[in-house]
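*Asks:* Take this structure first; my questions come after.
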Amino acid sequence: MSWSGLVSGRMRVLARNPALIYGRMTGFGQDGPLSGRAGHDITYLAYSGVLHAIGQQGGRPVPPLNLVADYGGGAMMLVAGALAALFERSRSGKGQVIDAAMTEGASMLATPVHALMAAGLWSDTRGTNLLDSGAPFYDTYETADARHVAVGCLEPRFFAEFARLLPLDQIFVRGQYDRNLWPQMRAAIVDRVGQKSRDDWDRLFAATDACVAPVLSLREARDHPHNRARNAFVKSGALERPAPAPRFSRPADACRHAGRPRLSGGDGAGTLRSFGKRD
């Protein structure tokens, strides 16, 4: 159905209930030359420019799972739009149609990068910048057991702690942001990190602010002591999944609907009742 047809249908329904809020999430939005095109997360990332920015210098663009466009730029933006519409309706009494385009949502998530480019602080060449693996102190490194650690000591005091424990020559501490030193710095970090296992480095850096972390697998993350202490994962039958986030000071029973998901076309009335909707 076209956008004009959807609007026409909406107007008929709003005549009966003008406070309704509609959420429409698509790849390219409800109008424009691409609005009728099919696609997936990687498609929308490509059109947003975000995919171009992710990957190693000289390498190909790397899809960041389907987290950025599908979930971040799509689902989360739609949720934000619905919440904003609910707030506005509490003042105006009127509903909204929310046009959540995943391409635009992904672009909006990259707003800080656009700002850095405008300020001359970011290159449009991937893998050459501070937060895209261009800086040797913000990257991942292979350990002696073929695992990896994540290094993220951007601030000088954190980098100094990292250099002390690794250790690194003080010339790198004094010249942390000297790009001419970065190739030598990276080579030194590669050499040192490759001499111990991932868990050895984890034990060394665990109680410090050097911003070094073991790169955990999805299964390993469930059993990390911090995640277990916060009950960051919950079980739904055989499925162990992340607990709802964020947390609230007055939490409802966030997991009370954590059972098996209902299939489309199933007990719609029961589904609405489970969310507090009365018949």
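*Asks:* Counting only the heavy atoms of the protein chains, how much of Arg147 is accessible to a 1.4 Å probe, in Å² to the nearest 10?
*Replies:* Here the accessible area works out near 90 Å².
*Asks:* Size of the dipole of the stretch 66-176 about the Cα centre, Lys and Arg at +1 and Asp and Glu at -1 on the beta carbon, nothing else charged, in debye to 20?
*Replies:* The dipole of the stretch 66-176 has a size of about 420 debye.
*Asks:* Here's another thing I want to ask about it. Once a ≥ b ≥ c are taken as the square roots of the eigenvalues of the Cα gyration tensor of the stretch 11-63, is the result rounded (a/c under 1.5), prolate (a/b larger than b/c) or oblate (a/b not larger than b/c)?
*Replies:* The shape class here is prolate.
*Asks:* Magnitude of the Cβ-charge dipole of the stretch 181-258, K/R +1 and D/E -1, about the Cα centre, nearest 20 debye? Don't skip to the end; give the middle numbers.
*Replies:* Values: 14 positive and 9 negative charges, 65 e Å.
For the stretch 181-258, the charge dipole is close to 320 debye.
*Asks:* Return one whole number: the accessible area per residue of the stretch 104-247 in Å², for a 1.4 Å probe.
*Replies:* Normalised by residue count, the accessible surface of the stretch 104-247 is 59 Å².
*Asks:* With the crude spin-label approximation of a point 7 Å out along Cα→Cβ, what separation in nm comes out for Arg222 versus Lys94?
*Replies:* Each label point is offset 7 Å from its Cα along the Cβ direction, giving 4.9 nm.
*Asks:* What does the extension gain come out to for Arg164 and Ala80, with contour length at 0.36 nm per residue minus their alpha carbon separation?
*Replies:* Full extension of this stretch gives 25.9 nm more.
*Asks:* For Cα Rg over 2.2 N^0.38 Å, which listed value, (i) 1.14; (ii) 1.28; (iii) 1.09, comes from the coordinates shown?
*Replies:* (ii)
*Asks:* Here's something else I'd like to know. If you average the sequence gap of Cα pairs under 8 Å that are 6 or more apart and divide by the length of the chain, what percent do you get for the contact order? Each step should come with its number before you reach the end.
*Replies:* Details: 350 pairs, mean separation 38.1, N = 279.
Relative contact order here is 14 percent.
*Asks:* Per-residue accessible area for His40 at 1.4 Å probe radius, Å² rounded to 10?
*Replies:* 140
*Asks:* Roughly what would the spin-label model give for Met117 and Arg24, points 7 Å off Cα along C-beta, in nm?
*Replies:* Taking the simple label geometry, Met117 and Arg24 are separated by 2.8 nm.
*Asks:* Here's a follow-up. Considering only protein heavy atoms, with the full assembly of protein chains and a 1.4 angstrom probe, order Ser107, Ser133, Ser90 by accessible area, largest first.
*Replies:* Putting Ser107, Ser133, Ser90 in descending order of accessible area: Ser90, Ser107, Ser133.
*Asks:* Next up: If you roll a 1.4 Å probe over the chain with all protein chains in place, what percent of the accessible area is carbon or sulfur?
*Replies:* Here it works out to 57 percent.
*Asks:* At R0 = 41 Å, how high is the FRET efficiency between Glu240 and Ala269 if r is their beta carbon distance? Nearest 0.05 is fine.
*Replies:* In this case the efficiency is close to 0.85.
*Asks:* Charges only on Cβ, +1 for Lys and Arg, -1 for Asp and Glu: so what's the dipole of the stretch 103-154 about the Cα centre, in debye to the nearest 20?
*Replies:* So the dipole magnitude of the stretch 103-154 works out to roughly 60 debye.
*Asks:* Quick one: if you stick a label point 7 Å off each Cα along the C-beta vector at Phe233 and Asp200, how many nm between them?
*Replies:* 2.7
*Asks:* How many percent of DSSP beta bridges within the chain run antiparallel, rounded to 5? The partial results should precede the final answer.
*Replies:* On the way: 12 of 17 bridges.
If we restrict to bridges inside the chain, about 70 percent are antiparallel.
*Asks:* As a test of the formula, what do you get for the chain when each DSSP H run with n ≥ 4 contributes -39,500 (n - 2.57) and the sum is divided by the residue count, at 222 nm and rounded to the nearest 500 deg cm²/dmol?
*Replies:* -10500 deg cm²/dmol, from helical runs alone.
*Asks:* In the stretch 1-152, what percentage of the DSSP-assigned beta bridges are antiparallel, given to the nearest 5?
*Replies:* Antiparallel bridges: around 50 percent, rounded to the nearest 5.
*Asks:* Suppose all protein chains stay in the model; what accessible area per residue would a 1.4 Å probe give for the stretch 20-96, in Å²? Could you put the intermediate results ahead of the total?
*Replies:* On the way: 4600 Å² over 77 residues.
Ligands and nucleic acids excluded, the figure is 60 Å² per residue.
*Asks:* In the full protein assembly as shown, how much of Ser217 is accessible to a 1.4 Å probe, in Å² to the nearest 10?
*Replies:* Using a 1.4 Å probe on the heavy atoms, I get roughly 50 Å².
The values are calculated or read from the model by the stated rules, or taken from the named source; none is laboratory data. Predicted model, so just to flag it, every value in this text is computed and none were measured. Ideal geometry is used to build each Cβ from the backbone, glycine not excepted, and the neighbour counts take in all protein chains shown. In case anyone asks, the SASA skips ligands and DNA or RNA and just uses the protein heavy atoms, side chains included. Shrake-Rupley method; radii C 1.70, N 1.55, O 1.52, S 1.80 Å.
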